[in-house]
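Shown next, in structure tokens, is the structure this report addresses.
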Amino acid sequence: MEALSSTKALKLSLPATHFLKTSPFNSSFKPQLLNYNSHFHGRYKGALSFTVSCKLKSPQDIENKRKGISKRIVLSEVAPPPLTEDDDVRGDENGKIPVKIESRGGISKLGKMLSRRVLTVLSNLPLAIGEMFSIAALMALGTFIEQVLLGASLMACTYTTQIPLVKVARRWTFLHSAEAIRKQEFADSLPRASIRDVGIILMGAGYEVFLKGPSLYAFKGLAGRFAPIGVHLALLLIMAGGTLSATGSFKGSVTVPQGLNFVIGDVLGPTGFLSTPSEDFNTEVHVNRFYMDYFDSGEVSQFHTDLSLFDIDGKEVMRKTISVNDPLRYGGITIYQTDWSISALQVLKDDEGPFNLAMAPLKINGDKKLYGTFLPVGDVNSPNLKGISMLARDLQSIVLYDQEGKFAGVRRPNSNLPIDIDGMKIVIADAIGSSGLDMKTDPGVPIVYAGFGALMLTTCISYLSHSQIWALQDGTTVIIGGKSNRAKVEFPEEMNRLLDKVPEIIESSVSESRG
Amino acid sequence: MIFSTLEHILTHISFSVVSIVITIHLITLLVNETVRLYDSSEKGMRVTFFCITGLLVTRWIFSGHLPLSDLYESLIFLSWSFSIFHMVPYFKKHKKHLSAIIAPSVIFTQGFATSGLLTEMHQSAILVPALQSHWLMMHVSMMVLGYAALLCGSLLSVALLVITFRKVIRILGKRHNLLNESFSFGEIKYMNERNSVLRNTSFLSSRNYYRSQLIQQLDRWSYRIISLGFIFLTIGILSGAVWANEAWGSYWNWDPKETWAFITWTIFAIYLHTRKNKKLEGVNSAIVASIGFLIIWICYFGINLLGIGLHSYGSFLSN
């Protein structure tokens, strides 16, 4: 690509750059940074630095639809539309190339060129397509390791967000040719009007108006333009936090019968290479009490555990009763109530005991569980050992069966009511439950939450539409064109309404109103 | 006792009203449009909306928790969201073609929910401990609203595809020199510079002009509704992740339902991005949205059929 460094060459070269479409595969198109500052100094105040670089269709555009992009270079015969608005990174309006306008007023340095070339290659279309596709396909198959996916999607997102980030530096440009304006989505011309009136009316409608000579540029809803960038940043943040979580946290779970205790450090295991234990891992957790609430129908409504935390010196540092959806947080460690089971039955037989009979799970279906235990009667070593069976669905009531397997009765542990089975007096003293606790430390959570919040916010904001309007005073006619990135339905109507308000100028006063 | 009979009445009223509305729409299709009929269909949809609202409120009062805990209730919520989305464009004085698409959705959802398949679920059940949380409201309602909006938008895109491709089949038989005469419409002229050939070949008569206007309207409305649905879906997924973190300690488990919700999110993100590029707008983005339609149903329904994973509350088998 020839150097575009002279003003004279402006008219010739711009159309060429204008309609360039290069293949992303073909990076023979070298990126160049050009500074038009000095050239434009006299005419356009407010540095319009213009950089043309190798066409980088942002990987976002791609998706599977874009495999067959046209690779021709089309030169236009139209008189030079000097600086065409190139709205957003991903796409081009009106069939023009997305000229990636890079740094503002930057001078071409070797280092920058190199990095940009690397970027070119890395943010390459097929690479990103491949990444996104593989992620989606693998997710659908559901057979993948979290870290690998996180890493892959992090890469994809990084490259897709570099480009919109850079777009922040862009400035708004004026359109100086009637042709370009007419090509906008909404275009109209007012035969006898002044561009000043248009400007005033637009200002009244909430637009930011910039008037320069015979041309005008107005926009509204700036947030709607930058919000998509925010969305990608938020996604990056989430990915980073997720990676940190995956590599730097500790997880563990334990089932503790009521009355026992454990040390946190014994239960937690690292998940990745960044996991480092903290002093709080020496804390000892006592399960003081485990109990459950029930609905009237008998089903489990909620289960609670009363926990005490003791530090290494034996001092109690925290006491809390946790339940599902209400975890305990201490020093970066969070303890969740996730499960329950029945650990043992305390039974008195003929006033002897209490015997602790361990309960075994017979059938587990979510919160519907069945536990059973067996009190042997007679010689333990004989082959036909018989005994009393006890089944429990929860800690509320125990069902007892005699030695033949026949139903004997139901008892509640709290009642201490004896039951007579085969001549033996059985008292259920207590049903001891055990608490299923999950614990973890996760350094990535604050980052991920921040990313979540940012994502929600920026997604909502990006729903706002960003409208841009250009106008040109051509003799006594004002040519107006505009577009909106979201409100495609309402924008033309709004424009029509506004343009109706522009006063029509009668012949005699035309010369005065022209700026 | 009163509540369950009240529920029954409301369910059946809404079901019948919606079927009447559909019938009216069909009649207007076959016979000439009568404005009076159209008005009554609007009123019918509003009646449906109130009935379903009443149904939901009744269930809420009766069971003590927000009616979102299992498949049946979320289906009712879905048809409620459909009727809301139906009414929104009505307030903006826009198109009745939306109504033609949304009303059948409402009826199918409602019909399925009340059908015999789910009779066991009709009684309001108790909430298991894991669902007893304030997050339930936010997460499930946002997800269902998001599904409703995305389904509406995808249906509009499907309609767009149907209309477009019906023309193609007919166009293929016509001669190409008629193309040149199509450039006389000033307003549509700039549209010709845009993407697909399909559009260019469509301006062969004024009838096709109106049809292309319809296509454009469908396209834009689909875009708007899908963007809105995307926001709801994002908020729903993220609130679900935060809830999971509060309840189980991990905000993403690659649970089937979570995974498919993420896939849905990705597909619609693809859709939004294809809209940015003028080349891909129109038919291509409509194809993506139609794929999204299928994926939403897989995510919402198919996973429940499997009945596995953390989201098994909605399963047919869990009862």
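Side notes on the structure shown:
- Some residue of region A:420-440 being closer than 20 Å to A:GLU185 by Cβ, of a type in the set (Val, Ile, Thr) and out of contact with any Cys (no Cβ under 8 Å at 6 or more places or on another chain): no
- Residue in region A:436-444 that is farther than 30 Å from A:LEU260 by Cβ and out of contact with any His (no Cβ under 7 Å at 6 or more places or on another chain) present: yes
- Candidate set: region A:299-320, residues that are away from chain B (no Cβ under 14 Å) and among the β-branched types (Val, Ile, Thr); chosen: the one nearest to A:SER434 (Cα to Cα): A:VAL317
- Single residue of region B:21-55 satisfying the filter (modelled with pLDDT of 75 or more and of a type in the set (A, V, I, L, M)) that is surrounded by the fewest Cβ atoms within 10 Å (Cβ to Cβ): B:VAL47
- Of the residues making up region A:321-371, those that are within 14 Å of chain B (Cβ to nearest Cβ) and among the charged types (D, E, K, R) are A:ASP326, A:ARG329, A:ASP339, A:ASP367, A:LYS368, A:LYS369.
- Residue selection: A:LYS315 fails the criterion of being surrounded by 14 or more Cβ atoms within 10 Å (Cβ to Cβ), over 18 Å from A:ARG289 (Cα atoms) and out of contact with any helix residue (DSSP H, G or I) (no Cβ under 9 Å at 6 or more places or on another chain).
- Flag for A:THR334 being of a type in the set (Val, Ile, Thr), out of contact with any Phe, Trp or Tyr (no Cβ under 9 Å at 6 or more places or on another chain) and either at pLDDT below 90 or surrounded by 14 or more Cβ atoms within 10 Å (Cβ to Cβ) (or both): yes
- The helices (runs of 4 or more DSSP H) found wholly in region B:225-319 and carrying at least 3 residues that are more than 7 Å from chain A (Cβ to nearest Cβ) and modelled with pLDDT under 75 occupy B:303-306.
- Residue in region A:461-484 that is surrounded by fewer than 19 Cβ atoms within 10 Å (Cβ to Cβ), at pLDDT 85 or above, more than 30 Å from A:GLY213 (Cβ to Cβ) and not basic (Lys, Arg) present: yes
- Condition met for B:SER212 (at the interface with chain A (Cβ under 10 Å from one of its Cβ atoms) and at pLDDT 75 or above): no
- A:ILE421 being buried (at least 19 other Cβ atoms within 10 Å of the Cβ), without any contact (Cβ under 8 Å) to a residue 60 or more places away in the chain and of a type outside the set (Asp, Glu): yes
- Within region A:322-332, the set of residues being part of a strand (DSSP E or B), in contact (Cβ under 8 Å) with a residue 12 or more places away in the chain and within 24 Å of B:SER239 (Cβ to Cβ) comprises A:ILE322, A:SER323, A:LEU328.
- Among strands (runs of 3 or more DSSP E) entirely within region A:205-269, having at least 2 residues that are under 30 Å from A:GLY451 (Cβ atoms), small (Gly, Ala, Ser) and at pLDDT 85 or above singles out A:250-257.
- Elements of type helices (runs of 4 or more DSSP H) contained in region A:409-515, each with 2 or more residues being within 14 Å of chain B (Cβ to nearest Cβ): A:445-461, A:490-501
Each row is one residue, and each column tells you yes or no for (1) of a type outside the set (Asp, Glu); (2) modelled with pLDDT of 65 or more; (3) under 25 Å from A:LYS368 (Cβ atoms).
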position	(1), (2), (3)
B:SER115	yes, no, no
B:VAL140	yes, yes, yes
B:MET143	yes, yes, no
B:ALA148	yes, yes, no
B:ALA159	yes, yes, no
B:PHE165	yes, yes, no
B:ILE169	yes, no, no
B:LEU172	yes, no, no
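The values are calculated or read from the model by the stated rules, or taken from the named source; none is laboratory data. Quick caveat, the model's predicted, so the values are computed rather than measured. Note that we place each Cβ from the backbone using ideal geometry, even for glycine, and neighbour counts take in every protein chain shown.
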